[in-house]
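Novice: Got a structure for you, written out below as structure tokens; questions coming shortly.
Nothing in this text is a laboratory measurement; each read-out follows from the coordinates by a stated rule. All values derive from a computational prediction rather than experimental measurement. Using ideal geometry, Cβ is built from the backbone for each residue, glycine included, and neighbour counts are taken over all protein chains shown.
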Amino acid sequence: MNYKRSIWAISLLLLSFAAMAQVEEPVRTDSTKKREKEKMSLSERIVFGGDIGLSFGSITYVKLAPVVGYRVMPRLTLGVGPIYIYEKYKNFGFETSTYGGKAVASFTVLRGSDLGEQFALGDIMLHVENEVVSVENYNDARYDIGDRLWIDNFLVGGGISQAIGNRLAVSIFVLWDITQNKNSPYYYTSPIIKFGFSL
């Protein structure tokens, strides 16, 4: 894995978050800020979500990736969760499993509700994921075929999250794998389109 490129990408992302934090908000007094903090209880800060993938036929694909997140600020949510992917290719008599974990961060750049009801199409978000997963080796000559390798995937992109009711939201993200590891499940599928949800 190219650590310099990952460090560079993380630094760029943090700078982006810092720059976006400079977006002008309505002037808030200390008492207003205190009331806003009191309004957001722990149950409101904790969110559950993730993404699920299902496909059946000549290729069976099942993905489970739940996430538990915490709203650090109203616009910034951080989370962690496990990943499990099962794949079976009937035509080749091949099946494999991928498993591991991930850390995610989502930052709301623009709230759809801020534009008024006629333009409320959802929140526009920046999104990053760092996955560490175990995969079977098929491309690295340094290891025997079938040996398991731990690899790191750093996904960067953005998308839209649309609220449905008070707590439920659905989202779609377009992400790019900037690590480009040839053993990654995303190596041949970039950009990656992910559908998710949160509660």
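Novice: Suppose each label sits 7 Å from its Cα in the direction of the beta carbon; what would the residue 195-residue 80 distance come out to in nanometres?
Specialist: 3.0
Novice: Would you mind checking which residues have amide H under 5 Å from residue 179's amide H? H placed 1.01 Å from N; only 5 or more apart, or other chain.
Specialist: Hits under the 5 Å cutoff: 154.
Novice: I'd like the FRET efficiency for residue 52 and residue 111, computed as 1/(1 + (r/R0)^6) with the beta carbon distance as r and R0 of 22 Å, rounded to 0.05. Walk me through the numbers on the way to the answer.
Specialist: Working: r = 26 Å, r/R0 = 1.17.
With R0 = 22 Å, the Cβ-Cβ based efficiency is 0.30.
Novice: Here's a follow-up. Using 0.36 nm per residue of separation minus the Cα-Cα distance, give me the extension gain between residue 91 and residue 167 in nm, one decimal. Show your work: numbers first, answer last.
Specialist: Working: separation 76, 0.36 × 76 = 27.36 nm, distance 4.25 nm.
Difference between extended and current length: 23.1 nm.
Novice: Which whole-Hz couplings ³J(HN,Hα) result when phi for each residue of the stretch 84-91 is put into the Karplus expression 6.51 cos²θ - 1.76 cosθ + 1.60, θ = phi - 60°, listed in order with x for Gly and Pro?
Specialist: 9, 10, 10, 10, 9, 10, 4, 5
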